[in-house]
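In what follows, a single structure is set out as structure tokens and then discussed.
The values are calculated or read from the model by the stated rules, or taken from the named source; none is laboratory data. Just so it is clear, the model here is predicted, and its values are computed rather than measured. Virtual Cβ from ideal backbone geometry, glycine too; neighbours counted across all protein chains shown. Surface areas here come from the heavy atoms of the whole protein model, side chains and all, with no ligands, DNA or RNA. Shrake-Rupley method; radii C 1.70, N 1.55, O 1.52, S 1.80 Å.
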Amino acid sequence: HAPLALLVAGSWGVGPVRRAAAEIQQTGIAVPVVVCGRNHALAEQLRRDGIEHVFGWVDDMPGLMHACDVLVQNAGGLTSLEALAAGLPVASYRCIPGHGRTNAEALDEAGLAAWIRGPGDLGPVLTELLDGPRGQAQRAAGIALHRFGPGPVPAIAARTGSRPSPPAPPTARRPGRRRIALAAVTAAATVSLGVAAPLAYAYTEAPARFTAVAHYLDGDRR
């Protein structure tokens, strides 16, 4: 009998997920539904924290998305594209370093996902996405992204102004614009591919590296 906020953090369940779940719950605007992927320890911690709806690995993400009212994510990868295809409004919150923040900026600039930069904005933005015109606009834009045009990734890149342009003379180049364009291209690539290849290697071939990277990304660990 309340709106549901689907909180995801990739197959590893990394980042400050416990903090984000608690903050969503504290707003009183939506009930957090948390997908922990293969992070079984995180799932147990969340249950001890009093989070009622906690999942591990989920085989039917489309079904879970259709049962929820808004997606809150921290990496901006393929899960965001799934949500956009399902017409589910997307918010980026407490994003992990690197591709998480880069994707959040690109999706926000493209008008496809709200980037919530601080806990003070969490409640107001969730309200806008659940009941306001901002959520309606995101639903329509997300569905159109998959229904028309060349596909989601080129469309996102185009929306963020990363189309190639003729090189300017060295003295006339503006570093700021160059960085923005580079960030947008990087975001489009990471939205499409994430960090699948190196992380798959770390997970299957180098457990020590996997542990180190996961520890670095897990903002709830002290």
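Looking only at region 75-94, residues that are open to solvent by 10 Å² or more (accessible area, probe 1.4 Å) and out of contact with any Asp or Glu (no Cβ under 9 Å at 6 or more places or on another chain) come to 9 in all. Selection of region 1-31 for residues being surrounded by 24 or more Cβ atoms within 10 Å (Cβ to Cβ) and touching a residue at least 40 places away in the same chain (Cβ under 8 Å) yields 5, 6, 7, 8, 9, 10, 14, 15, 17, 20, 24, 30. Residues in region 68-92 that are in a helix (DSSP H, G or I) and closer than 20 Å to residue 23 by Cβ: 79, 80, 83.
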